[in-house]
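Structure, as structure tokens:
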Amino acid sequence: AMRAYACKKVVVDLGGGHLERAARAAASRSQQPCSTSASGSRSRRREVLLGLGVAVVTSTSHPVTALPLAPLGPIERGDASGKATDLTVDQVKDLIYASLTDGQYFVNPQGLDTAIFADDCRFVDPTNDVTGLSRYLKALSLLFDSSVSQVSDVSLRVSGPAEIKGEYVLSGSLKFPWKPCIPPYRGFVTYTLDMDTNLIRKQEQTWSISAEEALKETFSPCKAK
């Protein structure tokens, strides 16, 4: 997910200069004057997003890297008493497994067990880099249509005194107006725990598809069956 605003100036909250230039180029391709109406703004923003997607996925000189996802607001900190700081690594693993299989939390933020994550946990995947549990949950709520998205084939193992690794398969659809499909892909995730509390401090994902492929799928509507 990324933020782009059209009309004279395009600002992409990404941190990658090449992507910002791509967004500006995408915005400049339209010669129509800026509209002040809500519908005009939405149409223009979609134009820029589509143009940005084409610019990004066709670029070969600058690989896509993880980027800050915005706007997601400040990090919200809850009551420390609500955190599970007395668990073993194996118990944390079991709760993660439940959150992924029963809760489907990669596509359904309500399914995540917030008690095992630090409030300032960092969440990284090939296209996004978000710090803050509350911000990550908001990002998830904006991305996936949980009614048609699924996490399956989940496996987890303790790989170190403060580390858990896992694999999964994810598929589904995003909440964008053009309803892009996400074909099944395999994901790999590493959880890094705080040595003192065993709360998860970092969640890092890699995928069987490249970041460029993932962004291309973001701009590809589902094909009619």
Taking into account only those residues within the stretch 121-141 that are basic (Lys, Arg) and closer than 17 Å to residue 110 by Cβ, which is least open to solvent (accessible area, probe 1.4 Å)? 135
Tell me whether the stretch 142-164 contains one or more residues that are open to solvent by 20 Å² or more (accessible area, probe 1.4 Å), in contact with a Cys (Cβ under 8 Å, 6 or more places away or on another chain) and under 26 Å from residue 223 (Cβ atoms). no
Test residue 197 against the criterion of being under 18 Å from residue 117 (Cβ atoms) and not in a strand (DSSP E or B), and give yes or no. yes
Any residue that is farther than 22 Å from residue 109 by Cβ, more than 15 Å from the chain's Cα centre (by Cα) and either surrounded by 15 or more Cβ atoms within 10 Å (Cβ to Cβ) or in contact (Cβ under 8 Å) with a residue 40 or more places away in the chain (or both) - is there at least one of those in the stretch 202-216? no
Of the residues in the stretch 172-200, those that are touching a Cys at 6+ places or on another chain (Cβ under 6 Å) and surrounded by 14 or more Cβ atoms within 10 Å (Cβ to Cβ) number 3
Does the stretch 153-166 contain at least one residue that is in contact (Cβ under 8 Å) with a residue 24 or more places away in the chain and assigned to a helix (DSSP H, G or I)? no
Suppose we keep only residues that are assigned to a loop (DSSP other than H, G, I, E, B) and either touching a Lys or Arg at 6+ places or on another chain (Cβ under 8 Å) or open to solvent by 20 Å² or more (accessible area, probe 1.4 Å) (or both) within the stretch 99-117. Which one would you say is nearest to residue 81 (Cα to Cα)? 113
Restricting the stretch 200-225 to residues that are under 30 Å from residue 119 (Cα atoms) and among the aliphatic types (A, V, I, L, M), the residue that is modelled with the highest pLDDT: 200
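The values are calculated or read from the model by the stated rules, or taken from the named source; none is laboratory data. Worth saying up front: this structure is predicted, and the values here are computed from it rather than measured. Every residue, glycine among them, receives a Cβ derived from its backbone with ideal geometry; neighbour counts consider all protein chains shown. Accessible surface is based on the protein model in full, side chains and every heavy atom, while ligands, DNA and RNA are left aside. Shrake-Rupley method; radii C 1.70, N 1.55, O 1.52, S 1.80 Å.
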